[in-house]
Amino acid sequence: MIRITDLRKAYGTHVAVDGVTFDIATTETFGLLGPNGAGKSTTIHMLVGALRPDSGQIEIDGIPDPTRKESRRVIGIAPQASALYEELTGYENLRFFARLYGLSGAKLTQRVRWSLEFVGLLDRAGDIVRHYSGGMKRRLNIAAAVIADPKVIMLDEPTVAADPQSRNHMFDNIEQLKRDGKTIIYTTHY
């Protein structure tokens, strides 16, 4: 499913990722564990095509370039920094992200509802996101990552700023995604 070979990224003289190699099988949950500044987020950014590696190779679902449209269609990402529109409701945020993936009509409505239920925010769907707690924003970030039913889900520090209840809910979500046959990459410094 995912093959990373000798991945390297430097910012000037600072080497953030140096020779990282790993394979992740379909339906595997893979953890990137390390302290802050270890290169976990940089690696994720290269895997989703947001950063170009200085060297090395990335293959996701048989596609050798994560910037290609067909590669991006199989990836859902919940970045470490909230990727939400604070002035929109949770529902409006998810509709926006669903449209970016090309969803429309009944499929869009069904996936938005499913995603909100999945992360336990259906009852708060009409609330403006700036009024959400940190944990609720993290859960909505995950809902946006799974909105298009991707094969691969990347969660970059998903429990940062999450209260214990939200953290436990996220762990339950990850287990459900695994049961649903998803491949998961999870970064953490815990």
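The values are calculated or read from the model by the stated rules, or taken from the named source; none is laboratory data. Computed from a predicted model, the values in this text were never measured in an experiment. Every residue, glycine among them, receives a Cβ derived from its backbone with ideal geometry; neighbour counts consider all protein chains shown. Accessible surface areas use protein heavy atoms only, side chains included; no ligands, DNA or RNA. Shrake-Rupley method; radii C 1.70, N 1.55, O 1.52, S 1.80 Å.
If I ask for residues that are under 30 Å from Y132 (Cβ atoms) and part of a helix (DSSP H, G or I), which ones from the stretch 45-85 would you list?
Scanning the stretch 45-85 gives H45, M46, L47, R72.
Considering each residue of the stretch 122-164, count those that are on the phi > 0 side of the Ramachandran plot and touching a Ser or Thr at 6+ places or on another chain (Cβ under 6 Å), and give that number.
Result for the stretch 122-164: 1.
Could you tell me whether the stretch 18-29 includes any residue that is charged (D, E, K, R), surrounded by 19 or more Cβ atoms within 10 Å (Cβ to Cβ) and closer than 17 Å to I184 by Cα? Break it down stepwise before answering.
First pass over the stretch 18-29, keeping only residues charged (D, E, K, R): 18, 23, 28.
Next, from what is left, pick out any that are surrounded by 19 or more Cβ atoms within 10 Å (Cβ to Cβ): none.
No.
Name every residue in the stretch 40-60 that is on the phi > 0 side of the Ramachandran plot and either within 16 Å of the chain's Cα centre (by Cα) or of a type in the set (F, W, Y) (or both), in order of residue number.
G49
Can you find, within the stretch 100-113, the residue that is most open to solvent (accessible area, probe 1.4 Å) among those that are part of a helix (DSSP H, G or I), more than 15 Å from G126 (Cα to Cα) and at pLDDT 95 or above? If you could, list the steps in order and put the result at the bottom.
Step one: list which residues in the stretch 100-113 are part of a helix (DSSP H, G or I), which gives 100, 105-113.
Of the ones still in play, those that are also more than 15 Å from G126 (Cα to Cα) are 100, 105-108, 110-111.
Still in the running and at pLDDT 95 or above: 105-108, 110-111.
Details: G105: 51, A106: 83, K107: 109, L108: 4, Q110: 89, R111: 18 Å².
The qualifying residue most open to solvent (accessible area, probe 1.4 Å) is K107.
Output the number of residues of the stretch 139-166 satisfying the condition of being assigned to a helix (DSSP H, G or I) and either touching a Phe, Trp or Tyr at 6+ places or on another chain (Cβ under 9 Å) or surrounded by fewer than 16 Cβ atoms within 10 Å (Cβ to Cβ) (or both).
Looking only at that region, the number is 9.
Going by what's in this entry, would I184 be described as assigned to a strand (DSSP E or B), surrounded by fewer than 21 Cβ atoms within 10 Å (Cβ to Cβ) and at pLDDT 95 or above?
Spelling it out, I184 is indeed assigned to a strand (DSSP E or B), surrounded by fewer than 21 Cβ atoms within 10 Å (Cβ to Cβ) and at pLDDT 95 or above.
Under 6 Å between Cβ atoms, at least 6 apart or on separate chains: pull out the pairs that start in the stretch 149-173 with a residue that is within 25 Å of Y101 (Cα to Cα) and end on any residue that is among the aromatic types (F, W, Y) and outside any helix (DSSP H, G or I).
These pairs meet every condition: L155/Y186.
Which residues, taken from the stretch 6-44, are of a type in the set (S, T, Y) and not in a loop (DSSP other than H, G, I, E, B)?
Y11, T21, T29, S41, T42, T43
Restricting the first residue to the stretch 125-136 and requiring it to be of a type in the set (D, E) and modelled with pLDDT of 95 or more, which pairs with a second residue that is outside any loop (DSSP other than H, G, I, E, B) and surrounded by 14 or more Cβ atoms within 10 Å (Cβ to Cβ) meet a Cβ separation below 8 Å and a spacing of at least six or different chains?
As it stands, the answer is D127/T89; D127/G90, since those pairs meet every condition given.
So, in the stretch 129-138, of the ones that are loosely packed, with under 14 Cβ neighbours inside 10 Å and more than 15 Å from Q80 (Cβ to Cβ), which residue ends up nearest to the chain's Cα centre (by Cα)?
Taking the stretch 129-138 and keeping what is loosely packed, with under 14 Cβ neighbours inside 10 Å, we get 130-131, 134.
From what's left, more than 15 Å from Q80 (Cβ to Cβ): 130-131.
Working: R130: 21, H131: 22 Å.
Step by step, filter the stretch 129-138, then rank; the result is R130.
Scan the stretch 19-35 and give yes if some residue there is touching a helix residue (DSSP H, G or I) at 6+ places or on another chain (Cβ under 9 Å) and among the small types (G, A, S), otherwise no.
yes
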